[in-house]
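Enquirer: Sending over a structure as structure tokens; questions will come in a sec.
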Amino acid sequence: MDALKRRNPNLTNLWVDVLVFAGMLAVFAPGLTGLLIHEWLGLAFGVTAGVHVLLHWQWIAGITRKFFTRASWGARFNYLLNAAIFIGFTVVIFSGVMESRFVLQTFGLNPPDERTWELLHRLSADLTLFLTALHIAVHWRWIWNWVKKLRRLPRRAPGTVSQPVLAAGPVKIED
Ligand code: HEM
């Protein structure tokens, strides 16, 4: 991970973001994947989202330090939005595990006989989906810049690392 980040932190961020996004689309559609895949994918998504947070740790630490003094209003808004999303997904995953039919069983446990976790799971999933859509909308320019940059790249042999991508300067994230 460190070696990748040294080469081009933005490129690593981009692929982790793509993975998080694809995982999120699948995990929000249990009707399509079936419950067994949904539950394990939900857990895997939690791990990938954790990597996503770690990759943006410098940003988090920077804004935390200057939140009440020098941070811009935009950065404060992003910070609070991201914190709400983090809490939202934590609740979604925890309540999902508590009502799980397969994951708990794997560990020889049974879900508690009440509907609270199911209601909490649905409510927190809906709310978190809305907040995540807002998060993507806010970072739309960053995503679009990358799409344009990748489209301009020449085709290359599989397994080789494209020099233009490695040389590409950082795509600025507003803070
Ligand atoms: C980011 C992670 C997750 C998201 C976004 C998510 C989202 C959802 C959604 C949208 C539904 C359908 C609710 C409905 O029918 O209205 C659902 C159902 C369900 N999820 Fe998840 N889920 C996640 C993680 C998990 C995990 C980790 C587990 C268990 C280990 C789990 C267990 C379940 C179960 C058992 C159902 C069916 C019962 C119900 O409708 O609540 N989910 N989930």
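Enquirer: Can you give me the relative contact order of the range 2-153 as a percent, contacts being Cα pairs under 8 Å and 6 or more apart?
Expert: 20
Enquirer: Evaluate the charge dipole of the range 2-153 about its Cα centre and quote only its size in Debye, nearest 20, assuming +1 on the Cβ of each Lys and Arg and -1 on the Cβ of each Asp and Glu.
Expert: My answer is approximately 1220 debye.
Computed from the coordinates by the stated procedures, all read-outs in this text should not be read as laboratory data. All of these numbers come straight from a predicted model, not from anything done at the bench. Virtual Cβ from ideal backbone geometry, glycine too; neighbours counted across all protein chains shown.
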